[in-house]
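**Student:** Let me begin by handing over the structure; questions about it come next.
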Amino acid sequence: MNNSVRTTSVAEEAAAILERLGVDRSLYAEGEMPSFSPVTGEKIATLKTVSPTDVAAHIDRADRAFKKWRLVPAPRRGELVRLLGEELRSAKEDLGHLVSLEVGKILSEGLGEVQEMIDICDFAVGLSRQLYGLTIATERAGHRMTETWHPIGVVGVISAFNFPVAVWAWNAALALVCGNSVVWKPSEKTPLTALATRAILERALQRFGDAPGDLSVILIGDRKVGEVLVDHPKVPVVSATGSTHMGRDVAPRLARRFARAILELGGNNGGIVCPSADLDMALRAIAFGAMGTAGQRCTTLRRLFVHESTYDHLVTRLKKAYESVPVGSPLESSTLVGPLIDKLAFDGMQKALAEAIKHGGRVHGGERVNCLGEHAYYVKPALVEMPKHEGPVLEETFAPILYVMKYSDFDAVLEEHNAVGAGLSSSVFTLDMREAERFVSVDGSDCGIANVNIGTSGAEIGGAFGGEKETGGGRESGSDAWKAYMRRATNTVNYSKSLPLAQGISFEIE
């Protein structure tokens, strides 16, 4: 356990960063909502919040901003996002450090999250000149048929604690170049990084010069604030990241008013290690996928199926890695695993491990270790050898638990791999071309992300991110995910002197 004495408190470090980034101190020092750092468990801020009754007024202002912004040419809109990327580059060290303070990520992961923000800005700038429609073949002579895309309106973003700023950026960068405004409800557990991000965006807006006010609105508050955002008729799209439980609440509310949902929910992600696998490569990928971010990624590797011929060798090496991984303050460079976000996460982990034991599981690790405060929850990652794919294995626990099981038949293990509710990320480790191709084929992995010889974590912004089944079906970030933030129109122009009807219909009047 890395536990060195620091000369400043986490609260002082956070305040110093917020001051450097230009965040008004009254927003985080004179409010009513407490914010705690998982690094030490100490309170680091008290934030001003918006009441549910005031949310509608904020959305109205964002709607007015949208109606102006949609008239700005898309390449010009891209210039704002380019400037945001520049500001993020300048603020990367501070914002990345703040992510570590507020989430408990190790410093390299905090910086990596800000790099994702920078990368999606680069992607969106290029996209601002590529919002392509189609010219469609028409059966009517003297006609032209096209498909065009238009801004859709206010985009609501609800983000989770584990990626407090990257998720906003994935959505906001695309929404802004598509001509929309954004209303953001960050997690109550990570509000400071949201305030810092808004300050960074405000500098980009000042440099841009003529953007409408309230183009990006932030709502600091509790669940009720999020409910108003989800239910508001002027928010045609809501991107919500969080648990499957949260998605089951959000999706029906949006469906009732025919709003569009971009859901990125749970991920009970699985990996398969085949007989031909490069075990050195697999070991590294499994270790990061299962233990990185203290198991608090939606793409964390949670289930591992190992062929019986390599099981003993690989699991022995995994146990050694689990025993030796440095757990401690995420602010120390030697640490690889930081704290869980709070006691609720710790209790959930211990409950899952107890259930695993009831189902015959052998638990290695999982205990709480010496921490930096009574209310800081550091744990050793847990490797659990399970006799069967059952019990807690079938449910996602947002903590560093890796369930390991033997398999003998590839067809059978594919069925087990897919036999969970979530369908986010997956991976197979094999040098057999048939197994690799099968895994990514139509009857292979049923996840939105299917990888070969890399882990389940570490998706790049160039590919659309999201999954199937209980993961929600939404897609954020790259590829053609931009279409979710726009409305489609099919246009037919008749430049002839006649009026032929489609499908050969005749309707003549005198």
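**Student:** Determine, yes or no, whether residue 224 is touching a residue at least 12 places away in the same chain (Cβ under 8 Å) and open to solvent by 40 Å² or more (accessible area, probe 1.4 Å). So that I can check it myself, show each step before the final result.
**Tutor:** Working: touching a residue at least 12 places away in the same chain (Cβ under 8 Å): yes; open to solvent by 40 Å² or more (accessible area, probe 1.4 Å): yes.
When the stated conditions are applied, residue 224 passes them.
**Student:** So which residues in the stretch 229-257 are farther than 25 Å from residue 424 by Cα and either open to solvent by 50 Å² or more (accessible area, probe 1.4 Å) or among the polar types (S, T, N, Q) (or both)?
**Tutor:** 231, 233, 234, 256, 257, listed by residue number.
**Student:** Going by what's in this entry, would residue 53 be described as β-branched (Val, Ile, Thr), open to solvent by 50 Å² or more (accessible area, probe 1.4 Å), at negative phi and outside any helix (DSSP H, G or I)? Reasoning before the result, please.
**Tutor:** On the way: β-branched (Val, Ile, Thr): yes; open to solvent by 50 Å² or more (accessible area, probe 1.4 Å): yes; at negative phi: yes; outside any helix (DSSP H, G or I): no.
No.
**Student:** Tell me which of these residue 415 doesn't satisfy, since it passes every other one: (1) out of contact with any strand residue (DSSP E or B) (no Cβ under 6 Å at 6 or more places or on another chain); (2) touching a residue at least 24 places away in the same chain (Cβ under 8 Å); (3) over 17 Å from residue 301 (Cβ atoms); (4) not in a loop (DSSP other than H, G, I, E, B).
**Tutor:** Result: residue 415 fails condition (2) only.
**Student:** Let me ask something else about it. Determine, yes or no, whether residue 102 is in a helix (DSSP H, G or I), over 20 Å from residue 462 (Cα atoms) and among the acidic types (Asp, Glu). Quick ask: steps written out before the conclusion?
**Tutor:** Working: in a helix (DSSP H, G or I): yes; over 20 Å from residue 462 (Cα atoms): yes; among the acidic types (Asp, Glu): yes.
Spelling it out, residue 102 is indeed in a helix (DSSP H, G or I), over 20 Å from residue 462 (Cα atoms) and among the acidic types (Asp, Glu).
**Student:** Now for a different question. In the stretch 488-510, which residues are in contact with a Lys or Arg (Cβ under 9 Å, 6 or more places away or on another chain) and either surrounded by 23 or more Cβ atoms within 10 Å (Cβ to Cβ) or closer than 24 Å to residue 151 by Cβ (or both)?
**Tutor:** The answer is 491, 492, 493.
**Student:** Restricted to the stretch 420-443, and to residues that are without any contact (Cβ under 8 Å) to a residue 24 or more places away in the chain and of a type outside the set (Gly, Ala, Ser), which residue is most open to solvent (accessible area, probe 1.4 Å)? Give the steps one after another, and end with the answer.
**Tutor:** Initially, the stretch 420-443 is screened for residues without any contact (Cβ under 8 Å) to a residue 24 or more places away in the chain, giving 433-434, 436-437, 440-442.
Checking the rest, the ones that are also of a type outside the set (Gly, Ala, Ser) come to 433-434, 437, 440, 442.
On the way: 433: 140, 434: 195, 437: 112, 440: 72, 442: 153 Å².
Ranking the candidates gives 434 first.
**Student:** Scan the stretch 148-159 and tell me whether some residue there is in contact with a helix residue (DSSP H, G or I) (Cβ under 9 Å, 6 or more places away or on another chain), open to solvent by less than 10 Å² (accessible area, probe 1.4 Å) and among the aromatic types (Phe, Trp, Tyr).
**Tutor:** The answer is no; no qualifying residue exists.
**Student:** Looking at (1) crowded, with 22+ Cβ neighbours inside 10 Å; (2) within 25 Å of residue 192 (Cα to Cα); (3) modelled with pLDDT of 95 or more, which is the one condition that is false for residue 266?
**Tutor:** The one condition residue 266 does not meet is (3).
**Student:** Looking at (1) closer than 18 Å to residue 265 by Cα; (2) assigned to a strand (DSSP E or B), find the lone condition where residue 461 falls short.
**Tutor:** Of the numbered conditions (1) closer than 18 Å to residue 265 by Cα; (2) assigned to a strand (DSSP E or B), the odd one out for residue 461 is (2).
One line per residue, one yes/no per condition, for (1) farther than 28 Å from residue 190 by Cβ; (2) aliphatic (A, V, I, L, M):
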| site | (1), (2) |
| --- | --- |
| 326 | no, no |
| 345 | no, yes |
| 357 | yes, yes |
| 369 | no, yes |
| 386 | yes, yes |
| 391 | yes, no |
| 401 | no, yes |
| 408 | yes, no |
| 418 | yes, no |
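**Student:** Return the only residue of 402, 394 being open to solvent by 50 Å² or more (accessible area, probe 1.4 Å), among the aliphatic types (A, V, I, L, M) and either in contact with a Gly (Cβ under 8 Å, 6 or more places away or on another chain) or at pLDDT 95 or above (or both).
**Tutor:** Working: 402 fails: open to solvent by 50 Å² or more (accessible area, probe 1.4 Å).
On inspection, the qualifying residue turns out to be 394.
**Student:** Has the stretch 84-95 got at least one residue that is of a type in the set (S, T, N, Q), out of contact with any Cys (no Cβ under 8 Å at 6 or more places or on another chain) and surrounded by fewer than 21 Cβ atoms within 10 Å (Cβ to Cβ)? So that I can check it myself, show each step before the final result.
**Tutor:** First, the residues of the stretch 84-95 that are of a type in the set (S, T, N, Q): 90.
Adding the requirement that they be out of contact with any Cys (no Cβ under 8 Å at 6 or more places or on another chain) leaves 90.
Then drop every residue that is not surrounded by fewer than 21 Cβ atoms within 10 Å (Cβ to Cβ), which leaves 90.
Yes: the stretch 84-95 contains one or more residues that are of a type in the set (S, T, N, Q), out of contact with any Cys (no Cβ under 8 Å at 6 or more places or on another chain) and surrounded by fewer than 21 Cβ atoms within 10 Å (Cβ to Cβ).
**Student:** Quick one: in the stretch 128-164, which of the residues that are touching a residue at least 60 places away in the same chain (Cβ under 8 Å) and out of contact with any strand residue (DSSP E or B) (no Cβ under 8 Å at 6 or more places or on another chain) is nearest to residue 494 (Cα to Cα)? I'd like the intermediate steps shown before the answer.
**Tutor:** We begin by selecting, within the stretch 128-164, every residue touching a residue at least 60 places away in the same chain (Cβ under 8 Å); these are 131, 136, 138-164.
Filter once more, so that each one left must be out of contact with any strand residue (DSSP E or B) (no Cβ under 8 Å at 6 or more places or on another chain): 139, 141, 161-162, 164.
Working: 139: 12, 141: 9, 161: 52, 162: 53, 164: 50 Å.
Here the residue is 141.
**Student:** Right, another one. Enumerate the pairs (first residue in the stretch 67-78 and open to solvent by 100 Å² or more (accessible area, probe 1.4 Å); second residue anywhere and assigned to a loop (DSSP other than H, G, I, E, B)) with beta-carbon separation below 8 Å, excluding pairs fewer than 6 apart on the same chain, so at least 6 apart or on different chains.
**Tutor:** Every condition considered, the pairs that remain are 68/212; 70/179; 70/180.
**Student:** If I ask for residues that are small (Gly, Ala, Ser) and either in a strand (DSSP E or B) or more than 23 Å from residue 71 (Cα to Cα) (or both), which ones from the stretch 168-198 would you list?
**Tutor:** So the first thing to find is which residues in the stretch 168-198 are small (Gly, Ala, Ser), and the list is 169, 172-173, 175, 179, 181, 187, 194, 196.
The answer is 181, 187, 194, 196.
**Student:** Of everything in the stretch 113-137, what is closer than 11 Å to residue 174 by Cα and in a helix (DSSP H, G or I)? Give them in sequence order.
**Tutor:** 120, 121, 122, 123, 124, 125, 126, 127
**Student:** Next up: I'd like to verify a number: residues in the stretch 14-44 that are open to solvent by less than 40 Å² (accessible area, probe 1.4 Å) and on the phi > 0 side of the Ramachandran plot, how many?
**Tutor:** Residues that pass the stated criteria total 1.
The values are calculated or read from the model by the stated rules, or taken from the named source; none is laboratory data. All values reported here derive from a predicted model rather than from experimental measurement. Here the Cβ is made from the backbone with ideal geometry for all residues, glycine too, and neighbour counts use every protein chain on show. Just the protein is used for accessible areas: all its heavy atoms, side chains included, with ligands, DNA and RNA removed. Shrake-Rupley method; radii C 1.70, N 1.55, O 1.52, S 1.80 Å.
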